[in-house]
1. Please go through the stretch 26-59 and give me each residue that is of a type in the set (S, T, N, Q), under 20 Å from Ser72 (Cβ atoms) and modelled with pLDDT of 95 or more, ordered by number.
2. Identify the residue in the stretch 1-22 that is in contact with a Lys or Arg (Cβ under 9 Å, 6 or more places away or on another chain) and modelled with pLDDT of 95 or more and, among all such residues, is farthest from Gly64 (Cα to Cα).
3. List every residue pair whose Cβ atoms lie under 8 Å apart, where the two residues are 6 or more positions apart in sequence or sit on different chains, the first residue falls within the stretch 36-62 and is touching a residue at least 40 places away in the same chain (Cβ under 8 Å) and surrounded by 14 or more Cβ atoms within 10 Å (Cβ to Cβ), and the second residue, located anywhere, is of a type in the set (Lys, Arg) and part of a loop (DSSP other than H, G, I, E, B).
4. Is it true that some residue in the stretch 11-32 is under 21 Å from Phe93 (Cα atoms), assigned to a helix (DSSP H, G or I), in contact (Cβ under 8 Å) with a residue 12 or more places away in the chain and hydroxyl-bearing (Ser, Thr, Tyr)?
5. Taking Arg89, is it of a type in the set (Lys, Arg), under 13 Å from the mean Cα position of the chain (by Cα) and surrounded by 18 or more Cβ atoms within 10 Å (Cβ to Cβ)?
6. Tell me which residues, restricted to the stretch 92-125, are loosely packed, with under 14 Cβ neighbours inside 10 Å and either part of a strand (DSSP E or B) or touching a Leu at 6+ places or on another chain (Cβ under 7 Å) (or both).
Amino acid sequence: MADSIDENLFAYGTLMFPEVWHLVTLGAPFSAEPGSLQRYRIRRVKGASFPGIFYTGDSYDSVGGIVLKGVSAGTLRRLDAYEDSFYERRIEFIEGNRCQVYIVPEKSKQVLSNDIWRSEEFAETQLPQFLQALRG
């Protein structure tokens, strides 16, 4: 049965915040450890408070985040519904872990601003409003 297969997920944006994770996944359990995705950059999505990442191929580029372990297929389906249509879910390897990652492909890079997205700034200035919008 497909739902019994657990995956790893690399989260680099709003899903790193437990409050967001629990609202989006309806409380799906997880364990997490820090991780870094090489050869990618992070930017804020134009007109939004959340980020997207894109591949640069440059060995100096990296995006910090967390590797969520034990994510079920059902949870991945909920995440697919949560993420905007311009993201693609791909497989990347992060410190030896095979991970699902939502990236902004080259064909959709115009949705990204030039502003670097910072989790600390998001937490301080935008997280409460983001959570309120998620709760509807």
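1. Here is the first cut: in the stretch 26-59, the ones of a type in the set (S, T, N, Q) are 31, 36, 38, 49, 56, 59.
Filter once more, so that each one left must be under 20 Å from Ser72 (Cβ atoms): 31.
Selection gives nothing.
2. Top of the filtered list is Asn8.
3. Close Cβ pairs (under 8 Å, with a partner that is of a type in the set (Lys, Arg) and part of a loop (DSSP other than H, G, I, E, B)) amount to Tyr55/Arg39.
4. Taking the stretch 11-32 first, the residues under 21 Å from Phe93 (Cα atoms) are 11-16, 30-32.
Filter once more, so that each one left must be assigned to a helix (DSSP H, G or I): 14-16.
Next, only the ones that are in contact (Cβ under 8 Å) with a residue 12 or more places away in the chain stay: 14-16.
Going one step further and asking which of them are hydroxyl-bearing (Ser, Thr, Tyr), we end up with 14.
Yes, the stretch 11-32 has at least one match.
5. Values: of a type in the set (Lys, Arg): yes; under 13 Å from the mean Cα position of the chain (by Cα): yes; surrounded by 18 or more Cβ atoms within 10 Å (Cβ to Cβ): no.
Answer is no for this residue.
6. Residues satisfying the conditions are Phe93, Arg98.
The values are calculated or read from the model by the stated rules, or taken from the named source; none is laboratory data. Here the structure is a predicted model, which is why all the values come from computation and not from measurement. Positions of Cβ are generated from backbone atoms using ideal geometry, with glycine treated the same way; all protein chains shown enter the neighbour counts.
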